[in-house]
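Taking it in order: structure first as structure tokens, then the write-up.
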Amino acid sequence: MSTNATTLPLPSSALPPIQINRKPLWIALLLVLAGALYLHQTVSWRQGALWLVGALLGVTLYHASFGFTQAWRVFVSDRRGAGLRAQMLMLAAGVLLFFPFLAAGSLFGQPVSGFVSPPGISVLLGAFLFGIGMQLGGGCASGTLFAVGGGNTRMLVTLLFFIIGSVIATANFGWWSNLPALAPTSLVKTWGLAPALIANLAVFALIAWAVTALEKRRHGHVISFASRTARPGSLLQGPWPLIWGGVALVALNFATLALAGRPWGITSAFALWGAKVLDAVGGDVATWAYWAKQPSLAAPLRQDVTTVMDIGLMLGALAAASAAGKFAPVWKVPARSLAGAVIGGLLLGYGSRLAFGCNIGAYFSGILSGSLHAWLWLPAAFAGSALGVRLRPAFGLAVEKTPPASSC
């Protein structure tokens, strides 16, 4: 994305050639292929295909830098709204694609359903905590995974404490599940297909208009979400315009719906990983109210769709970073930044369980599912994110005005 409207991108012929990180690229590609074959043989062809979809999501997120955290931060800090407008376009394309099949209840002969959760106090509280965690941890759920896969070592700390926070939240399930809430509400089923589509598209348009108006008021012009320096081979080596990323994310989420019978999610796997580790070292996790209702705790991880897609996503991001010549882990992390990763990760994990999902499961896939709880999640998470932006300098973290070419 260009930094301002007056700066012209360099012609592709003037850009330096990319030095591909060949060894990690081959490792990533071989692991993607081996994982797909293994899952095809031990679970099903659908599970192998979902592994590949996860890898493609990692490539998309990395090359398009389609992170929700940074898009919200630059809008809060300087009213630059290209990322938010790209999100609205993505959501509009998504509901047009998802709603008819969710209304019908089947896709290519397979039953499908969305992520529809109870809208209530726990969603508002969890989303607010998640929003703060996004800014302190340095990424949302998808941003954390693609940054880890891309070689961001600080985000390994965020991911570790994301997992820990998720497990702590499952231990407290009995308390927050009893907070006041409405019954799970699908706008598609409650209102009907046409009214739900019209209402959602109208809200997306209103948000895009408001973001544009505020950006013009601050700067006199807007930065297009379609602008980004191009170079030969950009499809494989990046960077991609945000619009490419948004369209690809919708298509891959739809592929997930077709293969798994439900949309893309991320954070339930983090709670599962942590719970399995705790259970292995003697924790009596199976007796917790949350896990008593989850058969996944006793099942092998290869059978968990979210786990398979999360690992595939990280490998896809590793391949993308290596193809772009940007895989270069730096292990030294300043102490204040490290503290932000710890606190942010805990808030991300705890908040995502309270809110029945993250920026993917509750926001992106939640809205594409027509769930009312997603429309509570969005303003609450944005408010938390705005507070998190104010807190970032205390942890030595930058509050940038314009997104760089690679961010989360």
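The values are calculated or read from the model by the stated rules, or taken from the named source; none is laboratory data. What you see is a predicted model; the values in this text were computed from it and never measured. Every residue, glycine as well, gets a Cβ built from its backbone with ideal geometry; the counts of neighbours run over all protein chains shown. Side chains included, ligands, DNA and RNA excluded: accessible areas come from the protein's heavy atoms. Shrake-Rupley method; radii C 1.70, N 1.55, O 1.52, S 1.80 Å.
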Subset of the range 15-66 (residues that are touching a Leu at 6+ places or on another chain (Cβ under 7 Å), of a type outside the set (A, V, I, L, M, F, W, C) and in contact (Cβ under 8 Å) with a residue 40 or more places away in the chain): Pro24, Arg46, Gln47, Gly54, Gly58, Thr60
Of all residues in the range 299-325 being part of a loop (DSSP other than H, G, I, E, B) and modelled with pLDDT of 90 or more, the one that is nearest to Asn253 (Cα to Cα): Asp304
Failed item, numbered, when Ala328 is tested on (1) in a helix (DSSP H, G or I); (2) surrounded by fewer than 17 Cβ atoms within 10 Å (Cβ to Cβ): (1)
Filtered residue count, the range 295-311, keeping only those that are within 15 Å of Thr144 (Cβ to Cβ) and either open to solvent by 10 Å² or more (accessible area, probe 1.4 Å) or in contact (Cβ under 8 Å) with a residue 60 or more places away in the chain (or both): 3
Residue within the range 268-291 that is closer than 30 Å to Ala103 by Cβ and either touching a residue at least 60 places away in the same chain (Cβ under 8 Å) or touching a Leu at 6+ places or on another chain (Cβ under 9 Å) (or both) present: yes
Selection within the range 357-396 - closer than 25 Å to Asp310 by Cβ and not in a helix (DSSP H, G or I): Gly357, Cys358, Ser369, Gly370, Ser371
Breaking point among (1) open to solvent by 20 Å² or more (accessible area, probe 1.4 Å); (2) not in a helix (DSSP H, G or I), for Leu89: (2)
Close pairs (8 angstrom Cβ cut-off, 6 or more residues apart or separate chains): under 20 Å from Ser113 (Cβ atoms) in the range 241-263, polar (S, T, N, Q) and not in a helix (DSSP H, G or I) anywhere: Ala258/Gln110; Gly261/Gln110; Gly261/Ser113; Arg262/Ser113; Pro263/Ser369
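Just checking, how many residues over the range 96-118 are out of contact with any strand residue (DSSP E or B) (no Cβ under 8 Å at 6 or more places or on another chain) and free of Cβ contacts under 8 Å to residues at least 12 places away in the same chain? Can you show your working first?
At the first step, the residues of the range 96-118 found to be out of contact with any strand residue (DSSP E or B) (no Cβ under 8 Å at 6 or more places or on another chain) are 96-100, 103-104, 106-111, 113.
Adding the requirement that they be free of Cβ contacts under 8 Å to residues at least 12 places away in the same chain leaves 104, 106, 109.
Selection size over the range 96-118: 3.
Conditions (1) over 18 Å from His63 (Cα atoms); (2) of a type in the set (Val, Ile, Thr), marked per residue:
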{"site": "Ala271", "(1), (2)": "yes, no"}
{"site": "Leu297", "(1), (2)": "yes, no"}
{"site": "Ile311", "(1), (2)": "no, yes"}
{"site": "Leu315", "(1), (2)": "no, no"}
{"site": "Ala324", "(1), (2)": "no, no"}
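Quick grid of which residues meet (1) among the β-branched types (Val, Ile, Thr); (2) more than 22 Å from Ala317 (Cβ to Cβ); (3) open to solvent by less than 10 Å² (accessible area, probe 1.4 Å):
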| residue | (1), (2), (3) |
| --- | --- |
| Arg22 | no, no, no |
| Ala36 | no, no, no |
| Thr42 | yes, yes, no |
| Phe68 | no, no, yes |
| Arg79 | no, yes, no |
Unique match (being open to solvent by 30 Å² or more (accessible area, probe 1.4 Å), in contact with an Asp or Glu (Cβ under 7 Å, 6 or more places away or on another chain) and either in contact (Cβ under 8 Å) with a residue 12 or more places away in the chain or closer than 23 Å to Leu96 by Cα (or both)) among Val222, Val203, Val157: Val222
All positions within the range 159-192 that are more than 24 Å from the chain's Cα centre (by Cα) and over 29 Å from Lys276 (Cα atoms): Pro180, Ala181, Leu182, Ala183, Lys189, Thr190, Trp191, Gly192
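Among the residues of the range 138-154, write down those that are out of contact with any helix residue (DSSP H, G or I) (no Cβ under 8 Å at 6 or more places or on another chain) and open to solvent by 20 Å² or more (accessible area, probe 1.4 Å). Let's see the steps before the verdict.
Going residue by residue through the range 138-154, those that are out of contact with any helix residue (DSSP H, G or I) (no Cβ under 8 Å at 6 or more places or on another chain) are 152-153.
If the condition is that a residue be out of contact with any helix residue (DSSP H, G or I) (no Cβ under 8 Å at 6 or more places or on another chain) and open to solvent by 20 Å² or more (accessible area, probe 1.4 Å), then Asn152 is the only one that fits.
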Some residue of the range 106-113 being closer than 30 Å to Pro180 by Cα and either under 18 Å from the mean Cα position of the chain (by Cα) or of a type in the set (Asp, Glu) (or both): no
Condition broken by Ile360, with the remaining ones in (1) among the β-branched types (Val, Ile, Thr); (2) open to solvent by 20 Å² or more (accessible area, probe 1.4 Å); (3) farther than 16 Å from Gly151 by Cα satisfied: (2)
Matching option when the condition is among the small types (Gly, Ala, Ser) and open to solvent by 30 Å² or more (accessible area, probe 1.4 Å), among Ser117, Ser113, Ser122: Ser113
Per-region count, the range 50-64, residues open to solvent by 20 Å² or more (accessible area, probe 1.4 Å) and either of a type in the set (Gly, Ala, Ser) or closer than 9 Å to Ala248 by Cβ (or both): 2
